[in-house]
Amino acid sequence: MAAAAASCRSPLAWLFALAAALFFFSWYLLLDSAAGPAAARRPNQWLRPDGSGRRPGPGTKCDPAEALLRVFMYDLPPEFHFGLLDWKPPGFGGGVWPDVRDGVPDYPGGLNLQHSIEYWLTLDLLASEQGAPTPCAAARVRHAADADVVFLPFFASLSFNRHSRVVPPARDSEDRALQRRLLEFLAARPEWRRTEGGTMFWPCVFVLCDFGRYPPSVANLDKDVIAPYRHLVANFANDTAGYDDRPTLLYFQGAIYRKDGGSIRQELYYLLKDEKDVHFSFGSVAGNGIEQSTQGMRSSKFCLNIAGDTPSSNRLFDSIVSHCVPVIISDEIELPFEDVLDYSKFSVIVRGADAVKKGFLMSLIKGISREEWTRMWNKLKEVEKHFEYQYPSQTDDAVQMIWKAIARKVPSIRLKINRLRRFSRFDTNKTDETLP
């Protein structure tokens with residue numbers, strides 16, 4: 001899983017980090033819209049008690065005035081998004097987007113899927129505009145001045161996975177070349193020109209798997225959103241496999257020898273490999289690896305989720321949809337939607353320093369009663385919908401949860417913008433035409 005995980009967090013050019021983590025343009029690019037008419041029309045929208053948008057009827061477009069979040073999405077050429085899936089506009093002048101009412105281009109399977117967040121979000125925005133089914137938590141708007149945020153629909157993870165290798169006689173990869181073309185596109189936008197090319201991309205809102213390889217000055221919880229990986233194992237539908245139907249007490253199958261913070265996997269392997277009712281072995285997605293993990297998790301009470309090369313992996317979300325209570329051992333992990341989800345209700349979180357103490361982990365796990373485990377098992381079945389990427393998107397699935405998480409960031413972004421505007425009239429470096 002390491003190679004695909006690197007596609008989300010690889011320390012390439014900063015632009016790749018921007019787009020792989022997806023997305024949102026700098027606060028500065030939104031100066032015109034932040035305090036404009038759109039904001040005035042809906043000042044308390046973020047406080048709606050049900051926390052959801054209105055789901056339109058079939059063929060009905062989302063009404064931006066009813067949505068939690070209004071999103072301006074650039075009409076990037078297909079080479080940056082669905083063209084990477086070998087999609088081509090139909091006929092001459094067919095536009096840059098597929099008609100999602102008639103089906104959608106397939107995303108490649110396997111490890112590619114775990115970093116496909118931008119694909120699902122783009123589909124949902126297109127659905128909001130074209131009248132395909134969607135809960136309408138977010139709605140696409142056609143003018144940046146009407147938007148709460150600006151979305152950059154670059155399928156960067158897929159670009160990296162497919163085009164990051166240099167093919168001679170070229171001196172650079174097609175992925176890097178695509179990044180440069182994206183920079184050129186953005187530099188030609190009015191928002192960039194208005195700031196005389198001085199806009200920086202670092203203070204944007206990132207949607208990330210975790211903060212594993214980013215310094216706090218670039219990515220942090222104050223401004224960014226942690227999103228789930230797309231799980232690889234299938235959902236455990238109609239699960240009746242309760243406590244007595246899961247003979248394995250503790251399960252882990254994956255890479256054991258990792259670098260960075262992942263060295264704890266090796267320590268735990270030697271501590272646990274001979275314990276009764278514990279399955280701790282090497283595994284990968286090659287061959288029938290996913291099928292083995294599916295069966296192993298479904299027959300286990302607890303599933304280990306241990307830090308690897310980075311603090312998180314899709315294994316946590318495989319555990320959740322398998323209803324195998326996650327045991328999380330990763331001190332630097334950030335968990336999706338933790339401001340609205342209490343993970344202690346459906347998982348066990350252990351400090352790394354405690355986990356490697358001889359006997360500590362087994363004593364802790366064996367001390368969890370059947371009743372407590374069953375409560376967590378039932379809670380997993382209740383919350384798993386929040387980690388599901390799908391099209392069409394459904395109420396409170398991963399796509400809608402991400403939009404809502406971004407919406408919760410907007411008030412603090414507005415505050416920062418308004419504070420930046422305090423002395424804008426005295427900025428002698430700007431002409432009247434470039435003042436926001």
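The sole residue among 299, 312 that is crowded, with 24+ Cβ neighbours inside 10 Å, assigned by the TED database to the domain that holds residue 374 and either out of contact with any helix residue (DSSP H, G or I) (no Cβ under 7 Å at 6 or more places or on another chain) or under 13 Å from residue 350 (Cα atoms) (or both) is 312. Scanning the range 194-201 turns up one or more residues that are charged (D, E, K, R), at pLDDT below 90, in the same structural domain as residue 401 (by the TED database) and surrounded by fewer than 17 Cβ atoms within 10 Å (Cβ to Cβ).
Hey, among the residues in the range 101-137 that are open to solvent by less than 30 Å² (accessible area, probe 1.4 Å) and in contact with a Gly (Cβ under 7 Å, 6 or more places away or on another chain), which one's farthest from residue 208 (Cα to Cα)? In this case the residue turns out to be 131. How many of the residues in the range 203-247 are surrounded by 15 or more Cβ atoms within 10 Å (Cβ to Cβ) and closer than 23 Å to residue 151 by Cβ? So the answer is 20.
Scanning the range 34-71 for residues that are modelled with pLDDT of 90 or more and within 18 Å of residue 399 (Cβ to Cβ) gives 61, 62, 64, 66, 67, 68, 69, 70, 71.
Selection of the range 119-163 for residues being assigned to a loop (DSSP other than H, G, I, E, B) and either within 18 Å of the chain's Cα centre (by Cα) or not assigned by the TED database to the domain that holds residue 401 (or both) yields 137, 152, 153, 154, 155.
Looking for something acidic (Asp, Glu), at pLDDT below 95 and closer than 29 Å to residue 398 by Cβ - is there at least one such residue anywhere in the range 159-172? No, that holds for no residue.
Every listed requirement among (1) more than 29 Å from residue 306 (Cα to Cα); (2) open to solvent by 10 Å² or more (accessible area, probe 1.4 Å) is met by residue 349 save one, (1).
The values are calculated or read from the model by the stated rules, or taken from the named source; none is laboratory data. Just so we're clear, the structure is a prediction, and the values are computed from it rather than from any experiment. Neighbour counts are summed over all protein chains in view; Cβ atoms, including those assigned to glycine, are modelled from backbone coordinates with ideal geometry. SASA here: full protein model, heavy atoms, side chains in, ligands and nucleic acids out. Shrake-Rupley method; radii C 1.70, N 1.55, O 1.52, S 1.80 Å.
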